[in-house]
């Protein structure tokens, strides 16, 4: 049962990452749209940049952790949630 719980936890983490990527893309789209205007709203650009900037490294770190985990699982290495004993 613990394996299913861990799998669900991993899926939830991926869903959270996906949601955050969507927000990043939405912020980027808003900035591009605003920059295409003749007169830009500097406050809007600053707000979008402030939301965008810390999100990218966070998503990158979370994706790297997920890739590392999947690599461990795929290559049969001991990992969190593994039922194998480490010698």
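A few remarks follow.
- Residue check for residue 7: touching a residue at least 60 places away in the same chain (Cβ under 8 Å) and assigned to a helix (DSSP H, G or I): yes
- Matching residues, the stretch 10-49, being free of Cβ contacts under 8 Å to residues at least 24 places away in the same chain and closer than 30 Å to residue 69 by Cα: 11, 12, 15, 18, 19, 22, 25, 26
- Options 47, 19; residue that is outside any loop (DSSP other than H, G, I, E, B) and modelled with pLDDT of 95 or more: 19
- Selected residue (criterion: modelled with the lowest pLDDT) from residues of the stretch 54-77 that are loosely packed, with under 11 Cβ neighbours inside 10 Å and not in a helix (DSSP H, G or I): 76
The values are calculated or read from the model by the stated rules, or taken from the named source; none is laboratory data. A quick note: this is a predicted structure, and the numbers were derived from the prediction, not measured. Because the Cβ atoms are built from the backbone with ideal geometry, glycine has one as well, and the counts that use them run over all protein chains shown.
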